[in-house]
Amino acid sequence: MVYRGILVAGHRGYKEKYPENTIKSYDAAVDAGADVVELDLHISTDKKIFLAHDTNALRVFGKDFELPEQKYDPTIKQLRTLREPHLPVPLFVEMLEWFQKKSEEVANESKRNLQIMLDIKRDNDPKLLIELLLKDLQSVNPDMKWWKEKLVFGIWEPEFYLPELNKYEFDVGIISFDFKKAKYIYDDVVNNRDDRCLVMDSQQASRVPKSC
């Protein structure tokens, strides 16, 4: 990823206007000028990656159960947001299909390079998540060099960046409320890489060089 100074990010999309983590919300964020859309990943029991921030469905969907303990089809698929226009829970692959089309559209119109910031939640199984994630990416666009320029791989713990990901050279976003912990994860994850990674805490997002 080429660092371009200040970027505008849609955190869970344009959630002030539309329900969070929905394709409608992401589309509105990009139309409003966002360069990056941030999304939260979980895995259902039938091994589908879906988008949701909370593990519990109550706040967003009005149902009191744990989302990762359910099958996507039929349980999660049937949910609708409490907020209008009462939107469904998107699959990650559905979001990728939208993103590829939107990215090409925006590039043609304004030359902006849209990107996705993945927030990979800690309740996921790292190996399974990476396996499913790569499968979804390749099903939408098998050119992994294209995805290299589009993804920031956001992790809370080092075990979520498996060694097999090194060949794809994704940018790594370390998400933390503790800079010392972020530095530890940085050293653990990218110590053998020549590029840089993003370190993000609750106050800042900054590039930290390998020598830090």
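The values are calculated or read from the model by the stated rules, or taken from the named source; none is laboratory data. Keep in mind it's a predicted model, so treat the numbers as computed, not measured. Positions of Cβ are generated from backbone atoms using ideal geometry, with glycine treated the same way; all protein chains shown enter the neighbour counts.
Numerical summary
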{"read-out": "Of residues in the stretch 163-191 being modelled with pLDDT of 85 or more and part of a loop (DSSP other than H, G, I, E, B), the one surrounded by the most Cβ atoms within 10 Å (Cβ to Cβ)", "value": "Phe170"}
{"read-out": "Test: residue in the stretch 68-91 that is closer than 25 Å to Ile174 by Cα, in a helix (DSSP H, G or I) and in contact with a helix residue (DSSP H, G or I) (Cβ under 7 Å, 6 or more places away or on another chain)", "value": "no"}
{"read-out": "Qualifying residues in the stretch 128-158 (those that are assigned to a helix (DSSP H, G or I) and out of contact with any helix residue (DSSP H, G or I) (no Cβ under 9 Å at 6 or more places or on another chain)) - the one surrounded by the most Cβ atoms within 10 Å (Cβ to Cβ)", "value": "Glu131"}
{"read-out": "Any hit, the stretch 30-37, residues being small (Gly, Ala, Ser) and within 29 Å of Lys127 (Cα to Cα)", "value": "no"}
{"read-out": "Pairs, first in contact (Cβ under 8 Å) with a residue 40 or more places away in the chain in the stretch 160-181, second in a loop (DSSP other than H, G, I, E, B), C-beta under 7 Å, six or more apart", "value": "Asp171/Met1; Ile175/Trp156"}
{"read-out": "Filter result (surrounded by fewer than 22 Cβ atoms within 10 Å (Cβ to Cβ) and outside any loop (DSSP other than H, G, I, E, B)) within the stretch 44-59", "value": "Asn56, Leu58, Arg59"}
{"read-out": "For Met117: the one exception among (1) touching a residue at least 40 places away in the same chain (Cβ under 8 Å); (2) surrounded by fewer than 19 Cβ atoms within 10 Å (Cβ to Cβ); (3) closer than 20 Å to Glu149 by Cα", "value": "(2)"}
{"read-out": "Residues (free of Cβ contacts under 8 Å to residues at least 24 places away in the same chain and more than 24 Å from Pro126 (Cβ to Cβ)) located in the stretch 48-60", "value": "Leu58, Arg59"}
{"read-out": "When residues of the stretch 92-127 are limited to those that are in a loop (DSSP other than H, G, I, E, B) and more than 18 Å from Phe153 (Cα to Cα), the one nearest to the chain's Cα centre (by Cα)", "value": "Arg112"}
{"read-out": "Among (1) touching a residue at least 40 places away in the same chain (Cβ under 8 Å); (2) surrounded by fewer than 19 Cβ atoms within 10 Å (Cβ to Cβ); (3) touching a helix residue (DSSP H, G or I) at 6+ places or on another chain (Cβ under 9 Å) - the single one Leu39 does not satisfy", "value": "(2)"}
{"read-out": "Selected residue (only one of Lys101, Lys63 is loosely packed, with under 13 Cβ neighbours inside 10 Å, at pLDDT 95 or above, basic (Lys, Arg) and more than 18 Å from Ile120 (Cα to Cα))", "value": "Lys101"}
